[in-house]
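Values in this text are rule-based calculations from the coordinates and carry no lab data. Note that the coordinates shown come from a computational prediction; the quantities given were computed from them, not determined experimentally. Glycine gets a Cβ as well: all are built from the backbone with ideal geometry, and neighbour counts include every protein chain shown.
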Amino acid sequence: MIRTRFRKVILVAPEIFDEHLIAGYTNVKHVSVATNIFPSIFESYPELIIFDHDFLGRDLEKILRRIQTNKFYNKIKLYCYKNDANEKTDSFLKVLGVDQFIYKADLAKVHQQKTVLNTVNDMIDHSIIKLVAGVSN
């Protein structure tokens, strides 16, 4: 789900987060303690930070305000992962600087679409392999 156009990404999520989702990405740094966010930002100067809204709770507001007031951080894109949409909360977070929201339902749709496409591609690949094997015999 994380596009490779971002060279450095910080993911702020709990330790129980599925590590296999970011295992293939060398450009993603996982931060599981809220107090380590700013040292990690200063250390790697990421292009994107993804926050888990449920994990940070009320601390997210303080973190976003601190990011907005510091000119060192003003070029960083901020994404927020949430379980579901809430117009009041989303608009408040948007004012605090969140550029985009990622909802759990959206991730499920993308995963399902990729699964269907992979199945179709596998069927086509298998048919082509059979055809080529038949021609070579």
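Summary table
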quantity: Separation of the LYS75 and GLU43 label points, Cα + 7 Å toward Cβ, nm; calculated: 2.2 nm
quantity: Along each principal axis, Cα extent of the range 46-103, largest first, Å; calculated: 31, 18, 18
quantity: Cα→Cβ-extended label distance, 7 Å offset, between ASP99 and ARG66, nm; calculated: 2.1 nm
quantity: Stretch gain in nm, segment SER91-VAL33, where the contour uses 0.36 nm per residue and the Cα spacing is subtracted; calculated: 18.3 nm
quantity: Using θ = phi - 60° and Karplus 6.51 cos²θ - 1.76 cosθ + 1.60, couplings along the range 91-98 (whole Hz; Gly, Pro as x); calculated: 5, 5, 5, 4, 5, 7, x, 5
quantity: Karplus 3J(HN,Hα) series, Hz, for the range 80-90 with 6.51 cos²θ - 1.76 cosθ + 1.60 (x for Gly, Pro); calculated: 10, 8, 9, 6, 8, 7, 9, 4, 5, 5, 4
quantity: Net charge over other residues, Cβ less than 15 angstrom from the Cβ of SER44 (K, R count +1; D, E count -1); calculated: +3
